[in-house]
Amino acid sequence: MTTAFIGQPISRVDGRQKVTGGAKYAAEFHVPGLAHAAIVRSTVAKGRITSLDTAAAERAPGVVAVLTHLNAPRLAYRAHKAPVDPDVGERLHVLQDDQVSHQGQPIALVVADTLEQATHAATLVRVTYAPETATTDISQVEPVLPTRQQTDQGERRPPETRRGDPEGALAAAEVKIDQTYVIPREHHNPIEMHATIAAWDGERLTLWDKTQWVHNAADEIGAVFGIPAENIRVVSPFVGGAFGSALRAWPHVTLAALGARVAGRPVKVMLSRREMYYAVGYRPHTVQRVALGASRDGRLAAVVHDAFQETSTYEEYAEALLNASRFLHACPNVYTRHRIAPLNVHTPTFMRAPGEASGVFALESAMDELAVALNIDPVELRLRNEPQQDEFRKLPFSSRSSRECYRVAAGRFGWSRRNPEPRSMRDGRWLIGWGMATATYPMNYAPASAMARLLPDGTAEVTSAASDMGPGTWTSMTQVAAEALGLPIERVKFILGDTRLPRAPVHGGSMTMASVGSAVQAACRRAREDALARAGANDLTEAMRRLGQPVEASADVRPGDESQRFSMHAFGAVFVEVAVDPDLGETRVRRIVGAYGAGRIVNPKTTRSQCIGGMIGGVGMALMEHAVVDARNGRVPNANLAEYAVPVHADSPPAMDVIFVEEHDPHVNPLGVKGVGEIAMVGVAPAITNAIFHATGKRIRALPVTPDKLL
Ligand code: MOS
């Protein structure tokens, strides 16, 4: 009997539940007396509501309540700040006044017996506005520095940094490039729509919610309603994809709770696909200037990365666009600046590798342009600029496997057979291009708790209020628990997704395995030792039989001072082959090879799946994804999956190779894991556009690279 489960490619323990429909998602819970709500949304992007006529809606069949700012209860909206919320500003206050700040803002809620009745009645609400001129286009405003410094895991992340003399070094550089890279707004588009069922029992509230952080949803709704978070239970066992969209409790969660309170019965709110483009965040539109200066022999002399992005008028959301440029490559002279452009839009948010995926697109595109200008191989250019330490924070890396990643991935890819000349490689009439880019993502580790409960029958139940939006938390935590307990994996049940369980950090920032995994391991080890000691036995099954009653142990883990002593990141290298149709401008990604140094890999099967998902996400970012915003009114004309293109199976590369280089990092966290959820997305888009340049000789700096841009 083996009990070494960490590192094994275990299949998903919840796989059968998922494919048989047994896994319940937020909108699927059966709550007696449930009413349904539809949201009426603003049709202007800025202005004031001058009249609201709800009489016809109220008379419509089945309608229970119609809520607007004229009759909705006043909400407390107490301050609440979690790492997923912007530092300054306030969340949107729903149905509290007549002001409209963005297209699609909720202005009324219709509650009815059925969804059809609510949806129909919502069309009967008559609204007039005093519209004002809205600013929805990033080119219409002068971006500004955020008014407060953004923080990232408690670490200072200033919006503007300078070391050395970047301007002087750039002016004096033997070779330089200076370009601007643009990424449009992108939406997460999880398959599962955001949904909330709210049920009050006196002053206690239960929310069945799509969320990546049950405790934060309770904290946030507690702050909004001015009630203790302890009064709120949030249940979220399964999440059908999120990629960051469910990190925060968005206004529809408040509306569900508000509707349920006024209606006096449970209420369900489920967003439509179109509403998802107005109701939850998105990856912001970014404009990034990168200037690089180098000596003829390919040493970086100057890095300038000056970026700005859109945000809403009521919140400063600023993401980590510049992190990589500050430390990824060695350079004595670096200037970075991050500005924001407040627009009449709803607040953008974290989307898979938030900041890193966008910032690294600009940096690694510029590195490729520099390699071309220097006539140096792009891998060699990066090797010549491998830093000895994190030059921004002046700290050693806890581990950094970049060289190994370049070597292994390049070898697997066959990079040495590349002819560097653009348009030199062909397959019949297709132009073939090979490109590469570097990937990096911070190792995040946050306080987490878990409990292990051993039962006399030799089974165990292990719990933590974590989420699983798809990576396989149900499975990987079961593996960690079984190994720490020394029990067969079939005898261990891991349970997540409920605020009644021990608190876990946000299921984001690639930190779940580091944080929850470490807590699960600690709780299970403690429970095992406790049971063996009490029973005076060597075998846990025998110990539990002898004790005849459950043994429980909890554990809380938290980071020490390692983040002050080390710079901790995962690193990777991504190599891509594209084929471009010279007549039609169509790009096919034929293969992707990614190598990652991400510490210990708990489950190579689910982790490989995560990486393949990240690679396909990168294909979408590079070639397809683009939420069009009508500058006149902030509308998104392609707010649907027919016109907002994402890769389907036919668009996915036929070959995707994922390699984890062996990396033992004793500094990061007790489990020695760095996380891969986000790094898998980083570097893919620039590797693709670099490959497109190699295939065609055309450098496309504005994503996505649609066929028109190549003709
Ligand atoms: Mo991730 S964008 O932190 O869900």
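The values are calculated or read from the model by the stated rules, or taken from the named source; none is laboratory data. Just so we're clear, the structure is a prediction, and the values are computed from it rather than from any experiment. Cβ coordinates were reconstructed from backbone atoms using ideal geometry, including for glycine residues, and neighbour counts include every protein chain displayed. Just so you know, the surface numbers come from the protein's heavy atoms only, side chains and all, with ligands and any DNA or RNA stripped out. Shrake-Rupley method; radii C 1.70, N 1.55, O 1.52, S 1.80 Å.
General observations
- Members of segment 515-525 found to be away from the ligand (no atom under 16 Å from the Cβ) and open to solvent by less than 20 Å² (accessible area, probe 1.4 Å), listed by number: 517, 518, 519, 520, 521, 523, 524
- Counting residues in segment 650-658 that are buried (at least 20 other Cβ atoms within 10 Å of the Cβ) and within 16 Å of the ligand (Cβ to nearest atom) gives zero.
- Residues of segment 296-306 classified as in a strand (DSSP E or B) and either surrounded by fewer than 20 Cβ atoms within 10 Å (Cβ to Cβ) or in contact with a Phe, Trp or Tyr (Cβ under 9 Å, 6 or more places away or on another chain) (or both), total: 5
- Among residues of segment 635-646 that are touching a residue at least 24 places away in the same chain (Cβ under 8 Å), those with a Cβ under 7 angstrom from a residue that is open to solvent by 80 Å² or more (accessible area, probe 1.4 Å), sequence gap 6+ or separate chain, pair up as 639/274; 640/274.
- Subset of segment 582-630 that is hydroxyl-bearing (Ser, Thr, Tyr) and under 20 Å from the mean Cα position of the chain (by Cα) - its residue that is surrounded by the fewest Cβ atoms within 10 Å (Cβ to Cβ): 609
- Any hit, segment 406-422, residues being under 16 Å from residue 575 (Cα atoms), polar (S, T, N, Q), free of Cβ contacts under 8 Å to residues at least 40 places away in the same chain and open to solvent by 20 Å² or more (accessible area, probe 1.4 Å): yes
- Filter pass, residue 501 being over 30 Å from residue 323 (Cβ atoms), open to solvent by 20 Å² or more (accessible area, probe 1.4 Å) and either assigned to a helix (DSSP H, G or I) or free of Cβ contacts under 8 Å to residues at least 40 places away in the same chain (or both): no
- If you go through segment 42-90 and keep only what is open to solvent by 40 Å² or more (accessible area, probe 1.4 Å) and within 16 Å of the ligand (Cβ to nearest atom), you end up with just 83.
- Condition check for residue 449: within 16 Å of the ligand (Cβ to nearest atom) and open to solvent by less than 30 Å² (accessible area, probe 1.4 Å): no
- Some residue of segment 545-559 being of a type outside the set (Val, Ile, Thr), away from the ligand (no atom under 16 Å from the Cβ) and closer than 22 Å to residue 320 by Cβ: yes
- The condition of being closer than 19 Å to residue 104 by Cβ, open to solvent by less than 20 Å² (accessible area, probe 1.4 Å) and out of contact with any Asp or Glu (no Cβ under 9 Å at 6 or more places or on another chain) holds for residue 190.
- Scanning segment 309-337 for residues that are open to solvent by less than 10 Å² (accessible area, probe 1.4 Å), among the charged types (D, E, K, R) and closer than 13 Å to residue 161 by Cβ turns up just one, 326.
- Check on residue 195, among the aliphatic types (A, V, I, L, M), within 16 Å of the ligand (Cβ to nearest atom) and open to solvent by less than 10 Å² (accessible area, probe 1.4 Å): no
- Positions within segment 40-60 being under 12 Å from residue 124 (Cα atoms) and either touching a strand residue (DSSP E or B) at 6+ places or on another chain (Cβ under 8 Å) or part of a strand (DSSP E or B) (or both), in sequence order: 40, 52, 53, 54, 56, 57, 58, 60
- The residues listed here are 440, 463, 512, 475; of these, the one that is crowded, with 18+ Cβ neighbours inside 10 Å and more than 30 Å from residue 219 (Cβ to Cβ) is 440.
- Positions within segment 214-231 being over 22 Å from residue 282 (Cβ atoms) and within 16 Å of the ligand (Cβ to nearest atom), in sequence order: 214, 215
- The residues listed here are 468, 498, 457; of these, the one that is within 16 Å of the ligand (Cβ to nearest atom), over 30 Å from residue 369 (Cβ atoms) and not hydrophobic (A, V, I, L, M, F, W, C) is 468.
- Of all the residues in segment 543-556, those that are over 38 Å from the mean Cα position of the chain (by Cα) and open to solvent by less than 70 Å² (accessible area, probe 1.4 Å) number 5.
- Residue 191 closer than 30 Å to residue 507 by Cβ, under 30 Å from the mean Cα position of the chain (by Cα) and aliphatic (A, V, I, L, M): yes
- Residue within segment 109-122 that is assigned to a loop (DSSP other than H, G, I, E, B), open to solvent by 30 Å² or more (accessible area, probe 1.4 Å) and away from the ligand (no atom under 16 Å from the Cβ) present: yes
- Only one of 362, 357, 373 that is in a helix (DSSP H, G or I), away from the ligand (no atom under 16 Å from the Cβ), hydrophobic (A, V, I, L, M, F, W, C) and surrounded by 23 or more Cβ atoms within 10 Å (Cβ to Cβ): 362
- Checked across segment 526-542, the condition of being open to solvent by less than 30 Å² (accessible area, probe 1.4 Å), in a loop (DSSP other than H, G, I, E, B) and over 28 Å from residue 411 (Cα atoms) holds for at least one residue.
- Pair list, Cβ under 6 Å, 6 or more apart: segment 508-534 residue touching a residue at least 12 places away in the same chain (Cβ under 8 Å) and under 22 Å from residue 667 (Cβ atoms), other residue part of a helix (DSSP H, G or I) and within 16 Å of the ligand (Cβ to nearest atom): 512/473
- Every residue from segment 325-354 that is away from the ligand (no atom under 16 Å from the Cβ) and within 30 Å of residue 278 (Cα to Cα): 337, 338, 339, 340, 341, 342, 343, 344, 345, 346
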